[in-house]
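Worksheet: one structure, shown below.
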Amino acid sequence: MEGPTSHTYFSQRLRLHYVDWANEDAPAMLMVHGGRDHCRNWDWVAQSFRDDYHIIAPDLRGHGDSQWAVGSSYHHVDYVYDIAQLIHQKKMDPVTIVAHSMGGGVSLTYAGLYPETVAKLVVIEGMGPPPEMIAEWVDVPVHKRLDDWVQGLRKSSARLPRRYPTLEEAHERMQAENPHLTEERARHLTIHGSNQNEDGTFSWKFDNYVRNFSPVRVPFEDQHELWSRITCPTLLVRGSESWASDPVTDGRADHFQDVQVETIDGAGHWAHHDQLDEFLNLTRTFLAD
């Protein structure tokens, strides 16, 4: 496929990377990846919509070819600010957003914060942990949550990026992480998600500190209020074989004004990889309405 061009922008003094799929006269579309992922994970989706939209896909801070944060903090609201800055700087308002996992949560928060700027929203498993897990987290005393965070940072500080002797071994690790991936897609994601070290080995591009979630976060009740402020049509997608719970069954879909929920059979957490054609059909139909 003919690929996108690479660009940078600045947010909170960080140099952040994004790819641009051209077609600048078309309506704007933003594609936001999930945790420990990168912008080129959207290539197959972008290829399908590039004739109808001007697509921009960023690498979130600490991911892909974007700069790592100074220190160790990767807070949800910092990602939200980065996305807000990209939309503002590139004048993408009104924008259609397609997002996955952590990037989906960031996009939902942004859409609730600035609902007038979002035309349509497609989110693959971006609502965070199921309510049962949230209830367990809330019951943990604050001193325990803070201590867990401190211990997690100490563990990350001692953790060296894993080095794979060959790109093929990194590819095998990628394939093992998601058995649904075809060999071709796993190899593509590996090539764009890794760097070659000076000694010839390969390591993943993301900062290991992104594994640590802040113990101080937007309260869940406030997150529900933000979801209720989203005015655009919203498509929530999940995989039938994923850990994510059904937002209709668990009640989270009730917080949205205009929502459609779809489950894709035979897909795990990466529904847009696992069942690409089904995801494209669902998204194309939703965007055409």
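Quick note: the coordinates plus some simple rules give every number you see, no bench work behind them. Every value quoted in this text rests on a predicted model; they were computed, and no experiment measured them. Note that we place each Cβ from the backbone using ideal geometry, even for glycine, and neighbour counts take in every protein chain shown.
For the stretch 113-252, the spherically averaged projection of the C-alpha convex hull amounts to 11.4 nm². Normalised by residue number, the volume inside the convex hull of the Cα atoms of the stretch 22-146 is 118 Å³ per residue. Each of ALA271, PRO131, PRO141 was placed along the dipole of the chain (beta-carbon charges, centred on the mean Cα), and the one lying farthest toward the positive end is PRO141. Regarding the chain, what is the average projected area of its C-alpha convex hull, in nm²? Its average projected convex-hull area is 14.9 nm².
Tell me the net charge near LEU181. Cut-off is 12 Å between Cβ atoms, LEU181 excluded, with +1 for each Lys or Arg and -1 for each Asp or Glu. Its environment carries a net charge of -2. Estimated at 0.36 nm per residue, the fully extended path between ASP51 and HIS88 surpasses their Cα-Cα distance by 11.0 nm. Note on the stretch 181-230: Cα convex hull, mean projected area over all directions, 6.6 nm². The Rg/Rh ratio of the stretch 185-289, with both radii computed over alpha carbons and Rh defined as the Kirkwood radius, is 1.07. Annotation: the antiparallel percentage among DSSP beta bridges lying fully within the chain is about 35.
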